[in-house]
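Let me begin by presenting the structure, written as structure tokens, before commenting on it.
The values are calculated or read from the model by the stated rules, or taken from the named source; none is laboratory data. Everything numeric in this text was worked out from a predicted model, so none of it was measured. Here the Cβ positions follow ideal geometry from the backbone for every residue, glycine too, while neighbour counts run over all protein chains shown. With ligands, DNA and RNA removed, areas are computed over all heavy atoms of the protein, side chains included. Shrake-Rupley method; radii C 1.70, N 1.55, O 1.52, S 1.80 Å.
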Amino acid sequence: MATELFNKQQTIQLRHRHIGPSCKVFFSKDPLKIIRAQGQYMYDENDTKFLDCINNVAHVGHSHPDVVQAAVRQMELLNTNSRFLHDNLVQYAKQLTATLPPKLSVCYFVNSGSEANDLALRLARQYTGHQDIITLDHAYHGHLTSLIDISPYKFCELPSGAQKEFVHVAPSPDIYRGRYREDHPDPASAYADEVNLLIQEAQKKGRKMAAFIAESMQSCGGQIIPPPGYFQKVAQYVHNVGGVFIADEVQVGFGRVGKRFWAFQLQGGDFVPDIITMGKPIGNGHPMSCVVTTKEIATAFGASGLEYFNTFGGNPVSCAIGLAVLNIIEKEDLCGNASKVGNYLIDLLKELQAKHQLIGDIRGVGLFIGVDLVKDREKRTPAMAEAQYIIYRLKEQNILLSADGPHRNVLKFKPPMCFTVENAKFVVEKIGGILSDLEKGTRVGVPNEDSKSVANGLPLTLSGSKRKLPQANISELNSSRIDELRYTEALQSEETPDENSNHYNRVLCGQQQSSYHSEHGAVSGKRIRT
């Protein structure tokens, strides 16, 4: 067992003293102190084992020995910047681009997904000579200033007017609770036409499009899978006005979808983005990332006369680690495992859906799955408090899961790729038990029957929100757990911000209404500001 310098309380005190207060932790009421991990498991200071269902950074498994050995071997020899020739750099670039369509052949190595997306914007703007960016509602592309500007998930938390004039927000292609739903005859074209409308309106104002950027599957936006054909149609509209298409694979690349190595490939073989960005899983926790683009765009970027240099990007150690990750994915058939386990997990969740009215939708591919919780299946009203409650109850049972989406009601599965069918079965059984407890207490599981007040009179209320949620009155939901749900700050991270922030109080900050529309029932055409 690994040793620790400080006890947990001392660690918390030192963090409060020396780490910025906006740097949040998971489960902030009772944060976990993790001191080691292996495979799909993490261990705290008491050697308690937790099943990790959320860590898409430890892609091939925590502390994979092949990754560790590759890093150690190279560190014993050399680590320096990429101004010196080194075979690891070109070998990795060759092996990485072999997984992509031939058009995508030129690499720029950087250190994080945020840095990759920032560089992608520079490439697009230099190549096109244009400035404006089209992004999707609820999108998150990174923490740099340039990326906050194009991430509604973030800038909508800022005061009204935070959206820059060069940023244009298109509706998320969400066929469950978006503008065009699963009953639409052609949602891909309908959502793509919304992008074209944005372009036309912007052109009337003299704006020129540099790029459309989208996560190949939206993660923070609620595990959204774009309808097939959507990217092709959007790319055509963007190319028509001289822009380029940037596919953000920072969270969903490297075989996570199982069927393909890259999530954008799910759109079909006739779609190839102009720029692709990657990060997180690329180094299995080691800070590295990459931008891959075409020779034409790379040549235009170089023609500016401004040298591009990155001190740590593409260093020999990072490239050795990257090579190890690629080799492990192939050697252990982790794409095949993602398909097998992901399909099994989805099947189990659908069985759960048939039993529990709280589950409104299950969507996903491979080991990228979302469970959309609702109070009312017909209205699709988000069950936000229930989602947070489930997360904390799972933590008590040594399972780590997160919830996200515009309403924080979508349970997110993004586990290490070594996740097993046994793991899937275990998690679903636990979720099923918690759902049964919740439905007994709130009566949300009884179709067409309203929730009733209860004797204990403890409303399930999220801090920072004035909206009261169904009440509970079952022995399993004791007062301490109700209190935890009531005041929970829940899963704090870069991708799941503080509940006490404006995350719940976002004003309408795209160029369209929110996902709720009168023709589909539900709450309102605008986000509520409390």
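Segment 277-378 holds strands (runs of 3 or more DSSP E) entirely within its bounds, and those carrying 1 or more residues that are over 29 Å from A124 (Cα atoms) map to 359-365, 368-376. The listed residues are L323, L334, L367, and the only one of them that is under 22 Å from N55 (Cβ atoms) and in contact with a His (Cβ under 9 Å, 6 or more places away or on another chain) turns out to be L334.
For G285, the test of being outside the structural domain of V428 (by the TED database), within 24 Å of N111 (Cα to Cα) and in contact (Cβ under 8 Å) with a residue 40 or more places away in the chain is passed. Any residue at all in segment 383-397 that is at positive phi and either in contact with a strand residue (DSSP E or B) (Cβ under 6 Å, 6 or more places away or on another chain) or not β-branched (V, I, T) (or both)? The answer is no, given that none of the residues of segment 383-397 is at positive phi and either in contact with a strand residue (DSSP E or B) (Cβ under 6 Å, 6 or more places away or on another chain) or not β-branched (V, I, T) (or both). As a summary of the residue check, D66 satisfies the conditions (1) over 30 Å from K259 (Cβ atoms); (2) among the charged types (D, E, K, R); (3) touching a helix residue (DSSP H, G or I) at 6+ places or on another chain (Cβ under 6 Å) except for the one numbered (1).
Looking across segment 129-162 at every residue that is of a type in the set (A, V, I, L, M, F, W, C) and in a loop (DSSP other than H, G, I, E, B), the one that is most open to solvent (accessible area, probe 1.4 Å) is identified as L158. Looking across segment 157-182, the residues that are touching a Gly at 6+ places or on another chain (Cβ under 8 Å) and hydrophobic (A, V, I, L, M, F, W, C) come down to V169, A170. Residue count for segment 52-77 under the criterion of being farther than 17 Å from V317 by Cβ, in contact with a strand residue (DSSP E or B) (Cβ under 7 Å, 6 or more places away or on another chain) and either of a type outside the set (G, A, S) or open to solvent by 20 Å² or more (accessible area, probe 1.4 Å) (or both): the result is 4. Taking the condition assigned to a helix (DSSP H, G or I), among the acidic types (D, E) and either in contact with a Pro (Cβ under 9 Å, 6 or more places away or on another chain) or within 18 Å of A120 (Cα to Cα) (or both), does E194 pass? Yes, satisfied. Taking the criterion of being under 23 Å from I297 (Cα atoms) and open to solvent by less than 10 Å² (accessible area, probe 1.4 Å), the residues of segment 196-214 that qualify are I199, M209, A210, A211, F212, I213, A214. Please verify whether K8 is more than 26 Å from A324 (Cα to Cα) and either modelled with pLDDT of 95 or more or surrounded by 15 or more Cβ atoms within 10 Å (Cβ to Cβ) (or both), treating the condition exactly as stated. Considered against the rule, which asks whether it is more than 26 Å from A324 (Cα to Cα) and either modelled with pLDDT of 95 or more or surrounded by 15 or more Cβ atoms within 10 Å (Cβ to Cβ) (or both), K8 comes out as yes.
Sub-7 Å Cβ pairs linking a first residue in segment 144-161 that is closer than 16 Å to H407 by Cα to a second residue that is open to solvent by 60 Å² or more (accessible area, probe 1.4 Å), at least 6 apart or interchain, are E157/N502, ordered by first then second residue. Going by the conditions given, is P226 under 20 Å from T97 (Cβ atoms) and either buried (at least 24 other Cβ atoms within 10 Å of the Cβ) or not assigned by the TED database to the domain that holds V110 (or both)? So P226 does not fit the description; no. Put simply, of R380, R443 the only residue that is open to solvent by 10 Å² or more (accessible area, probe 1.4 Å) and at pLDDT 95 or above is R380. Going by what's in this entry, would D44 be described as without any contact (Cβ under 8 Å) to a residue 60 or more places away in the chain and not assigned by the TED database to the domain that holds S289? The answer is yes for D44.
The rows are residues; the columns are (1) surrounded by fewer than 18 Cβ atoms within 10 Å (Cβ to Cβ); (2) at negative phi; (3) free of Cβ contacts under 8 Å to residues at least 40 places away in the same chain.
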position	(1), (2), (3)
F301	no, yes, no
E307	yes, yes, yes
T311	yes, yes, no
P316	no, yes, no
A320	no, yes, no
E332	yes, yes, no
L349	no, yes, no
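Being of a type in the set (F, W, Y) and part of a loop (DSSP other than H, G, I, E, B) is the requirement here; does F50 meet it? For F50, the condition - of a type in the set (F, W, Y) and part of a loop (DSSP other than H, G, I, E, B) - is not met.
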